[in-house]
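Only one structure is covered here, and it is reproduced in the block below.
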């Protein structure tokens, strides 16, 4: 716990990481409190043809879209979809990628090599192409977007963990634990995993931003949540035909995506600085 | 200020501090040191005593967070700390003052042949180089004058033979990893001596080497320095090495010099309590190991007065107050202690 | 050190080669790090293994600890063959045969507190309760001379000397019989080295330990060891009781090695040292005696065959035709 508090304290002191952290807290708050914060919670899914494409005003802060729904309220509810997609997809990628990376990094034999070649095959295909193929085949739905994203993102964790474990294996304290007769499962779970946690956390933060971007792209292509779900990527896609007159209908979701992705990236960079063991060793003298 | 005598190098009351995350570390606290021409002086002390910082200060290569608080480093009568960077770069560092590093492995670029790296240094630091030759960027783009290059190459071959590198023509075409640690240190010595310096600063040059290789390198360095009358400032934590090569020894503790004496006198009659305990820590047959109680102090909040007082058996109130002045024992033996040890010196 | 005592460790004809890889990662040759090494260690004694870097002394220590598997030969510990044990069998031997790293501080997980690091061997190898473990940890901290308050610190918060003490404590909580000490004082300042050496002797007395003391520092070995084996290029060239070795070394390499140690107050090595050249490239083995290319006494018969260790009386043996 002391470690978590230290890390938070250091993050807050780093201006860009603090901004990233603030954006992410805002996103979470917005997602949780969407029904409370929304000015027109009823006008998120319903059609109001009489209020189509109204410009931003006091009633409709970000204007309305082609269905007459309040864009501000839709953005708030869209935050929930975005957050759920990112958390579940990256979480699943973690659960698949990290154990595979641990096993392949620890066992440098045919098993480890085989697992790495499988992850190489996934990495060889651009993520967006693979994700499009998967969601195209399975049909547009939030579940399928999550599936497509986690299936395409796990190799990044595998690669990362594999490389870290390989270099850790040569550390004296790991060799010492082996010489001391510590069972392998204890070494991997209690010595290796905590020592690769920092890069995993950094990669997770950056991966969240990346996943949100890809999810929005899928939504834009019509492969995400089906209408009328307030998915940010789909909102941009739907506003295309009314540009440039109804510019507001693309601006708000575009800004939302931009802010959130930037937030995760800033946080990821900040975490890298705070958690990087090399930098930390330099400041503590070891 | 005393008139500059016949000393080649005089460090006077040098104070250097480093700003760190935890505070300001007073790494050098009024250090005094003098070297005569042709003299090999050992700067001895345990890790963290400031010997490397002092060596770096003389070379003018202190880290960025270092701050020069007070004192002077006079070399040939001129204060290096007051000299312009440009003059230091063109006339002093690598020319009149050369450097032999501790780590012979990290000192060469692994991608270029040893010969190319030596000639690159010679382009800039050869004693034949004229002051009129281009400096800075102009020098970088100007060619190595052909006549000088030919002469320099002959000098390099001669120097490589002097440091006992077999077959210089073949050796210069090799990459650094094709040499052993001992041979690389021979190359570093050659590189340091090629510009015909007056002073060589050797920072623990044999620490990374095996004992038989160390013996060879010490023998070589001593022979070359004595033949050409070069002064050497030799930092080491190993008293045995210091005994082998030095004419005079200066002991540092936590950023202060505590005792200076000619080598025989130093080992026969050490007077500072720290020196005595240090010598008693050396493993020798038939005598129990003494060690020194306590730990080296943190330099951020160092002990007042004599920095050794918290670990010293003879510490009194005076030791906690002001740093002891120099007590002249005679014969070049100086000690900074209120209660110099009289007897009880090890055999 | 009576002649009747049964050896705690018997090493016979131990060999280990490492592949040398070229730039493409293909094996292009081999290095014989250990080549037919044989010796015995008796209970309670300290056997020193000395030699220069690359002589195989560290490989020997790691082979004994099971970190490197030997290619040939036999290691018997307390009468049991431990040469090719399974991982599980190795774990059963580990509590009695411990390996101590050059820098025991590095053998501590940087993210674990000292308390947790010290508890680990007890959790793995004993059935002690948490309270019993705490008592044992407190006891060992006292024995290595560290305050109990240090238990909640992280390794980087300790000084080099203190880290070594913790590293030793971690090994000794299991009350091993034999400890392989790999360069236990390298990189330490002399004053810290003195206290670490004193601690090692004290612990040897308290726990009746047997030490295999691997070091390049002959002055330290002379002080600490009962017997000393000198290694050169993967082989033992001389083995003798310490006082015998330092007084009357018989192998020319041992003699050169001894003449390289600075002797404060005595004659200067820079005036007397005569050995030229460097240890041979391990990828290009020398036929016959490995030292002959640098040896002041070399003769044509040295190239014919590799001399075997020959007993010379009083427990001294040397692998030289002229010893």
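Please treat every number below as a calculation from the coordinates, not as lab data. Just so we're clear, the structure is a prediction, and the values are computed from it rather than from any experiment. Here Cβ is always computed from backbone atoms with ideal geometry, including for glycine, and neighbour counts include all displayed protein chains.
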Just report the Cα centroid separation between region B:261-300 and region C:136-196, whole Å. 23
When Cβ neighbours within 10 Å are restricted to other protein chains, what is their mean count per residue of peptide C:102-110? 5
Whole-angstrom Cα spans of chain C along principal axes, big to small: 68, 50, 49
For peptide C:271-278, the mean count of other chain Cβ atoms within 10 Å per residue Cβ is 5
With no solvent and one equal point scatterer per Cα, compute the Debye intensity ratio I(q)/I(0) for region B:298-347 at 0.22, 0.28, 0.31 Å⁻¹ and report its log10, rounded to two decimals. -0.86, -1.11, -1.20
Can you give the calculated 222 nm mean residue ellipticity of chain A, where each DSSP H run of n ≥ 4 adds -39,500 (n - 2.57) and the sum is split over every residue, rounded to the nearest 500 deg cm²/dmol? -24000 deg cm²/dmol
In Å and whole numbers, how far do the C-alpha atoms of region C:56-190 stretch along each principal axis, longest first? 47, 39, 24
Within 10 Å, count the other beta carbons around each residue, average over each peptide in A:130-141, B:169-180, and list them highest first. A:130-141, B:169-180
Relative packing of peptides A:115-123, B:300-308, B:79-87 - highest average C-beta neighbours within 10 Å first: B:300-308, A:115-123, B:79-87
Number of partner chain Cβ atoms within 10 Å, mean per residue of B:233-243: 3
Sort C:313-322, C:112-121, C:56-65 by the packing proxy (mean of other Cβ within 10 Å over each peptide's residues), most packed first. C:56-65, C:112-121, C:313-322
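Determine by what factor the alpha-carbon radius of gyration of region C:1-131 differs from 2.2 N^0.38 Å, reporting the quotient.
Working it through for region C:1-131, the quotient is 1.25.
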With N residues in region B:170-219, what two-decimal value do you get for its Cα radius of gyration over 2.2 N^0.38 Å? 1.20
Distance in nm between label sites at residue B:140 and residue C:129, each 7 Å beyond Cα in the beta-carbon direction? 7.3
Value of relative contact order over chain C, rounded to a whole percent, pairs C-alpha under 8 Å and six or more apart: 20
What whole-number value in cubic angstrom gives the convex hull volume per residue for the C-alpha atoms of region B:186-282? 110
Compute for region B:44-151: radius of gyration divided by Kirkwood radius, i.e. Rg/Rh, restricted to C-alpha atoms, rounded to two decimals. 1.00
Per residue of chain C, what 222 nm ellipticity follows from adding -39500 (n - 2.57) for every DSSP H run with n ≥ 4, rounded to the nearest 500? -8500 deg cm²/dmol
Backbone N under 19 Å from the residue B:15 label point (7 Å along Cα→Cβ), restricted to region B:78-96: B:80-82
What is the diffusion coefficient of region A:10-116 in µm²/s, taking the Kirkwood radius over Cα pairs and the Stokes-Einstein relation at 37 °C with a viscosity of 0.692 mPa s? 191
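Based on the alpha-carbon set only, what is the convex hull volume of chain B divided per residue, in Å³?
Cα convex hull per residue, to the nearest whole number: 154 Å³.
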The simple spin-label model distance between residue B:223 and residue A:16, using points 7 Å out along Cα→Cβ, in nm, is 5.7
Spin-label model distance (nm) - residue B:196 vs residue B:314, 7 Å beyond Cα toward Cβ: 4.7
Could you tell me the calculated FRET efficiency between residue C:287 and residue C:28, based on Cβ-Cβ distance and R0 = 22 angstrom, to the nearest 0.05? 0.60
Could you work out [θ]222 nm for chain B from helices alone, using -39500 (n - 2.57) per DSSP H run of at least four and dividing by all its residues? Round to the nearest 500 deg cm²/dmol. -9000 deg cm²/dmol
Just to confirm the number: angle between the C-alpha axis of helix B:146-162 and the first principal axis of chain B, 0 to 90 degrees, nearest 10? 50
Would you mind checking the tilt of helix B:181-193 against the longest principal axis of the Cα atoms of chain B, expressed as 0 to 90 degrees and rounded to 10? 80
Restricting to Cα pairs under 8 Å and 6 or more apart, the percent relative contact order of chain A works out to 25
Beyond 13 Å, the calculated P(r) of region B:55-104 holds a percent of Cα-Cα pairs equal to 61
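Set the Förster radius R0 to 56 Å, insert the Cβ-Cβ distance between residue C:305 and residue A:138 as r into 1/(1 + (r/R0)^6), and round the FRET efficiency to 0.05. Mind dumping the intermediate values first?
Working: r = 75 Å, r/R0 = 1.34.
Step by step, r from the Cβ atoms, then E = 0.15.
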Square roots of five times the Cα gyration tensor eigenvalues for the protein assembly as shown, Å: 59, 38, 30
Give me the percent relative contact order of chain B, please, defined on Cα pairs under 8 angstrom at least 6 residues apart. 21
